[in-house]
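One structure is given below, encoded as structure tokens.
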Amino acid sequence: MIHNVRHAVPALFVSLAALAGCGGGAVVVETTPVQETAASPLLVGGQVSNYGQTNLDTGFLPDPHQVSVVSGASDATGNVVDISSLALAPQNSGSCRGYTTAQPDYIVHVGSPGQLLRFFVSAPGDTTLIINDGAGNWWCSDDDGGNLNPLIDIANPPAGQYDIWVGSYQAGANIQSVLSVSELTSSTP
């Protein structure tokens with residue numbers, strides 16, 4: 001018969017005290033503390049974004065598809081994520097940096113992808129780009145588009161939801177920007 005169960009949730013430690021039926025002796029059984037890795041504060045796979053969402057299939061027009069966004073996050077919201085602290089493992093050789101909100105800035109649903117999706121930001125300041133693609137892979141860029149603009153090419157992109165964050169290289173910077181999605185290598189920031 002179990003008389004006492006104690007949970008120490010913050011430490012992820014469970015202690016169980018059981019009373020033996022014969023002789024009234026106590027038996028204490030302890031489990032090993034469980035180590036959990038910290039989940040990314042970036043919200044992936046949801047249906048809400050800061051600047052909307054769209055559906056794109058091969059041959060979409062106009063190309064590039066563009067949306068106005070503001071990079072970064074406001075310290076006033078208390079919702080600032082330092083991307084460099086997340087240890088993301090990008091599929092490309094891009095640099096995962098910048099400051100964003102936890103919620104993606106834009107969501108693209110890709111139904112039937114072509115051979116290439118190019119994502120880039122045009123801005124008058126230093127922005128970064130972070131993408132979680134339809135297969136759950138991370139992609140990052142800092143200045144790959146030139147002039148402090150990020151650019152990410154995804155060859156043979158998977159279908160699915162693309163969560164996209166436009167970060168600011170410097171904390172507290174909020175820069176009016178244009179996020180573009182294209183199938184053309186001739187499209188540049």
Seminar exercise, completed: Considering region 86-95, residues that are of a type outside the set (S, T, N, Q), surrounded by 15 or more Cβ atoms within 10 Å (Cβ to Cβ) and assigned to a loop (DSSP other than H, G, I, E, B), and then whichever is modelled with the highest pLDDT, we arrive at LEU88
For this session: Go through the residues of region 49-69 one by one and say whether even a single one is surrounded by fewer than 19 Cβ atoms within 10 Å (Cβ to Cβ) and without any contact (Cβ under 8 Å) to a residue 40 or more places away in the chain.
Result: yes
Exercise. Here are some conditions: (1) surrounded by 16 or more Cβ atoms within 10 Å (Cβ to Cβ); (2) under 20 Å from PRO158 (Cα atoms); (3) among the hydroxyl-bearing types (Ser, Thr, Tyr). TYR99 meets all but one. Which one does it not meet?
Worked result: (2)
Problem set entry | Answer residue from region 96-119, given it is part of a strand (DSSP E or B) and among the hydrophobic types (A, V, I, L, M, F, W, C) and is farthest from the chain's Cα centre (by Cα) among those | LEU116
Exercise. What number goes with the only condition from (1) at pLDDT below 95; (2) over 14 Å from the mean Cα position of the chain (by Cα); (3) farther than 21 Å from ALA135 by Cβ that VAL67 does not pass?
Worked result: (1)
For this session: Among the candidates ASP133, ASP163, single out the residue that is under 19 Å from ASP82 (Cα atoms) and acidic (Asp, Glu).
Result: ASP163
For this session: Kindly provide the set of residues from region 105-142 that are touching a Pro at 6+ places or on another chain (Cβ under 7 Å) and either modelled with pLDDT under 95 or closer than 11 Å to GLY94 by Cβ (or both), ordered by number.
Result: PRO113, THR128, LEU129, TRP138, TRP139, CYS140, SER141, ASP142
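The values are calculated or read from the model by the stated rules, or taken from the named source; none is laboratory data. Model, not experiment: these values are computed from the prediction. When we count neighbours, we look across all protein chains shown, and the Cβ atoms used for this are built from the backbone with ideal geometry, even at glycine.
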